[in-house]
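Participant: Can you keep this structure in mind? I'll have questions shortly.
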Amino acid sequence: MAMMAFYSRFKDLAFKETRVCTVLPGRAMPADEYGFLEFYCDDTRCDCRRVIIKVLGHHSGDKVWATISYGWEAPEFYRKWAGTDLLDAEEMCRPTLDPLNP
Ligand SMILES: [Zn+2]
């Protein structure tokens, strides 16, 4: 599965809906305006119902400050989708920082 940027297919809607967070000087992160860009799976046979949100600063190029995973369905959905109880379905339903791309 490939994660595709929401803005690459729905540019106008993404422009309207993308959330931005302004960090003022004197904080742990550099002062900047940070955009939360959404990425979704583009496999039409897949129904994973998850979003990956990448946080990018307006003045820091393509540096990704955080990668957040989030599933908006209930844990039961992800247990069925994965076909196993071993999956941490509870965790998929909370926003979590991607351990491979913190
Ligand atoms: Zn998928």
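Participant: Could you run through the range 59-79 and say how many residues are over 30 Å from Leu24 (Cβ atoms) and surrounded by fewer than 14 Cβ atoms within 10 Å (Cβ to Cβ)? Reasoning before the result, please.
Facilitator: The initial filter retains those residues of the range 59-79 that are over 30 Å from Leu24 (Cβ atoms), namely 71-79.
Pick out the ones that are also surrounded by fewer than 14 Cβ atoms within 10 Å (Cβ to Cβ) and you get 72, 74, 76.
Result for the range 59-79: 3.
Participant: I've got another one for you. So in the range 47-58, with the set limited to residues that are within 16 Å of the ligand (Cβ to nearest atom) and not hydrophobic (A, V, I, L, M, F, W, C), which one is surrounded by the fewest Cβ atoms within 10 Å (Cβ to Cβ)?
Facilitator: Checked the range 47-58; the qualifying residue surrounded by the fewest Cβ atoms within 10 Å (Cβ to Cβ) is Asp47.
Participant: Consider Asp62 carefully, then state whether it is without any contact (Cβ under 8 Å) to a residue 40 or more places away in the chain, within 16 Å of the ligand (Cβ to nearest atom), part of a loop (DSSP other than H, G, I, E, B) and within 19 Å of Ala5 (Cα to Cα).
Facilitator: On the way: without any contact (Cβ under 8 Å) to a residue 40 or more places away in the chain: yes; within 16 Å of the ligand (Cβ to nearest atom): no; part of a loop (DSSP other than H, G, I, E, B): yes; within 19 Å of Ala5 (Cα to Cα): yes.
Considered against the rule, which asks whether it is without any contact (Cβ under 8 Å) to a residue 40 or more places away in the chain, within 16 Å of the ligand (Cβ to nearest atom), part of a loop (DSSP other than H, G, I, E, B) and within 19 Å of Ala5 (Cα to Cα), Asp62 comes out as no.
Participant: Within the range 71-81, track down each residue that is over 17 Å from the mean Cα position of the chain (by Cα) and either assigned to a strand (DSSP E or B) or at pLDDT below 85 (or both).
Facilitator: Result: no residue meets the conditions.
Residues checked against (1) hydrophobic (A, V, I, L, M, F, W, C); (2) without any contact (Cβ under 8 Å) to a residue 24 or more places away in the chain; (3) part of a helix (DSSP H, G or I):
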| residue | (1), (2), (3) |
| --- | --- |
| Met4 | yes, no, no |
| Leu56 | yes, yes, no |
| Ser69 | no, no, no |
| Asp85 | no, yes, no |
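Participant: Quick one: in the range 13-46, of everything that is loosely packed, with under 11 Cβ neighbours inside 10 Å and within 11 Å of the ligand (Cβ to nearest atom), which residue is farthest from Tyr78 (Cα to Cα)?
Facilitator: Among those that are loosely packed, with under 11 Cβ neighbours inside 10 Å and within 11 Å of the ligand (Cβ to nearest atom), it is Thr44.
The values are calculated or read from the model by the stated rules, or taken from the named source; none is laboratory data. If you're wondering where the values come from, they're calculated on a predicted model, not measured in any experiment. Positions of Cβ are backbone-derived with ideal geometry, glycine not excepted, and every protein chain shown enters the neighbour counts.
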